[in-house]
Amino acid sequence: MVENSGVLGWFLLNPKTPPFASHKTLFAFLWVAALASLFVWQRNTISGFLVLGGVPVLPPPKLRPVVFCLTEFGGVGDGVTLNTEAFERGVRAISKLADKGGGQLTVPPGRWLTAPFNLTSHMTLFLAPDAVILAIQDEKYWPLMPALPSYGYGREHPGPRYTSLIHGQNLRDVVITGHNGTINGQGQTWWTKYRQKLLNHTRGPLVQILWSSDIVISNITLRDSPFWTLHPYDCKNVTVKNVTILAPVYHAPNTDGIDPDSCEDMLIEDCYISVGDDAIAIKSGWDQYGITYGRPSKNIVIRNLVVRSNVSAGISIGSEMSGGVSNVLVENILVWESRRAMRIKTAPGRGGYVRQITYRNLVFKNVRVGIVIKTDYNEHPGAGYDPKALPILRDIRFINIRGQGVRVPVRIQGSEQIPIRNVTFQDMKVGTTYKKKHIFQCAFVQGQVIGTISPAPCDSFDRYDEQGQLVKHAASQNVTDIDYEI
């Protein structure tokens, strides 16, 4: 159970005054008090040594049988020279070593400007301290790719889309790691052109890996992506650990932090994410294209995170979830200074399902809406979707929820078309900033409340005591009590 003491207590009792000057200090100490665990922010978990003061105690570890340095292929880290060919030559050299265990490409300290480049299997991309991979901002250097099959549409425009800065597909055994080096998408130009409607194609992610397996991304910083930051698509066995993801919390459109998309067996842990859209958004395709592609996101664990999203949500499922989302655990999460904390979003036409989702040990600090389930998120790829393709939402649990400075703790908006079934709340205590009666809002939802929760739930839930004995039946499961004026 999360106790309101120590650092966590500071957050709950001092909603406007963060106790730490930087997010790294915050992250390092938060869960000591909350969960009695310590995250050493810049520990290299593969080699087991620390980075202190920006200088490694030991040289870059040898994580593969063969190690190359980018400078061996003509790289120049002055922030001006274009290093695309150096990266490509390094990747080609490693591609010839697959039968020997692959190779490592080390990016030394410096500012390494590059256009998009592809990874290869059995490769480690290692970023030394103070190494920064910089994306070139001119879109003429960014190749176009076909739309993803489960989207059928380049998310923002019909037709092809820009590739990602770091790209890989049909790969196995890929590691992107380092001593907290940075991959910087320099997205400011892209964001401005998007707002001014000057782009004819969908912006590219910062890192995108498609149809691949055995992927590890750790101990780096990703920042200022043109579009979604980290997008694993139809991948298996993916680990994201000790990663910082940053973008301005305003005016950085669609800079989601991590978007697992039709992925299976994925772990996201020990990360700090503060971005201009959802910190994490689990997806599985868009309307008829996602239904046809039919690849769910499943078996996903998200834990030990500090996240912030001023314009969207800390952790979302959807709205593109047409292939289905199931068996997801979200635990030990702090969401602070955000518009929403946890959100599930879908709409008629999506099809698919969201089921077997567990949220536990969550803390909300200064969040407008704590928990949101929304069934009318009506963005579609075109007129060809089937409005009778209705998603199924059921078997969703919220356990041990704490918060302070929350305006609306719960807003569950099912509909006659899309009722929400078997939602459970247990052990919830959220302090609110709004004194209106209807701050636990419900529509077309069925479920149960176990024990005492605060604020009091709506009448759509059966009430049970802590021993599991029924105390009171739900009055009505189809009452609409949604108030967007709050």
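The values are calculated or read from the model by the stated rules, or taken from the named source; none is laboratory data. The shown structure was predicted, so the numbers you read here are calculated from the model rather than taken from an experiment. Backbone-built Cβ (ideal geometry, glycine too); neighbour counts: all protein chains shown. Side chains are part of the model used for accessible areas, which takes the heavy atoms of the whole protein and leaves out ligands, DNA and RNA. Shrake-Rupley method; radii C 1.70, N 1.55, O 1.52, S 1.80 Å.
Of the DSSP beta bridges with both residues in the chain, give the percent that are antiparallel, rounding to the nearest 5.
Of the beta bridges lying entirely in the chain, close to 5 percent run antiparallel.
For the range 314-362, would you read off the P(r) tail past 18 Å as a percentage of all alpha carbon pairs?
Of the Cα pairs, 34 percent sit more than 18 Å apart.
Lone cysteines in the chain, going by a 4.7 Å Cβ-Cβ cut-off?
Cys69, Cys235, Cys263, Cys271
Among the listed pairs Lys298/Lys345; Lys62/Lys100; Lys236/Lys388, give every one whose C-alpha distance is greater than 20 Å.
With Cα atoms farther than 20 Å apart: Lys236/Lys388.
Between Glu379 and Ala475, how high is the FRET efficiency from 1/(1 + (r/R0)^6) when r is the Cβ-Cβ distance and R₀ = 60 Å? Nearest 0.05.
E(calc), rounded to 0.05, equals 0.95.
Determine, at each q value in 0.11, 0.13, 0.14, 0.21 (inverse angstroms), the log₁₀ of I(q)/I(0) that the Debye formula gives when each Cα of the range 234-388 is one equal point scatterer.
For the range 234-388, the Cα-only Debye profile gives -0.38, -0.54, -0.63, -1.35.
Can you pull the percent of the chain's accessible area that's carbon plus sulfur, 1.4 Å probe, other chains left in place?
Answer for the chain is 50 percent, counting heavy atoms of protein chains only.
At a Cα cut-off below 19 Å, give the lysines reachable from Lys429, other chains included and same-chain residues fewer than 8 away excluded.
Lys365, Lys437
Calculate, axis by axis, the spread of Cα positions in the range 297-388 along the three principal axes, and write the results as whole Å, longest axis first.
Answer, in whole Å and largest first: 40, 27, 15 Å.
From largest accessible area down, sort Arg397, Arg407, Arg343; use a 1.4 Å probe on the protein chains.
The residues order as Arg397, Arg407, Arg343, largest area first.
So for the chain, averaging the separation of alpha carbon pairs under 8 Å that are six or more residues apart and normalising by length, what relative contact order in percent results?
About 8 percent, as a whole number.
Take the eigenvalues of the Cα gyration tensor for the chain, scale each by 5, and report the square roots as semi-axes in whole Å, largest first.
Those come to 39, 26, 19 Å.
In terms of solvent-accessible area of protein heavy atoms at a 1.4 angstrom probe, what is the ranking of His231, His473, highest value first?
If we order His231, His473 from most to least accessible, we get His473, His231.
Using alpha carbons only, how many angstrom separate the centre of the range 298-355 from the centre of the range 404-442?
16
Might you work out the accessible area of His179 for me, using a 1.4 Å probe with all protein chains in place, and round it to the nearest 10 Å²?
The accessible area comes out at roughly 10 Å².
Based on alpha-carbon atoms only, what is the radius of gyration of the range 154-244 relative to the globular estimate 2.2 N^0.38 Å?
Rounded to two decimals, the normalised Rg is 1.14.
Please compute the length gained on full extension between Val301 and Lys96, using 0.36 nm multiplied by the number of residues separating them and subtracting their Cα-Cα distance.
70.4 nm
When ligands, DNA and RNA are left out and all protein chains stay put, how many square angstrom of accessible area per residue does the chain have with a 1.4 Å probe?
Value returned for the chain: 38 Å² of accessible area per residue.
What does the net charge come to around Gly181 if you take all other residues with beta carbon closer than 14 Å to its beta carbon, with K and R at +1 and D and E at -1?
Once all neighbours under 14 Å are counted, the net charge is +1.
Suppose the Debye formula is applied to equal point scatterers at every Cα of the range 72-205; what is log10 I(q)/I(0) at q = 0.11, 0.12, 0.13, 0.22 Å⁻¹?
Debye intensities relative to I(0), on a log10 scale: -0.43, -0.51, -0.60, -1.31.
Would you calculate, for the chain, the mean residue ellipticity at 222 nm contributed by helices, counting each DSSP H stretch of 4 or more residues as -39,500 (n - 2.57) and dividing by all residues, to the nearest 500?
-3000 deg cm²/dmol
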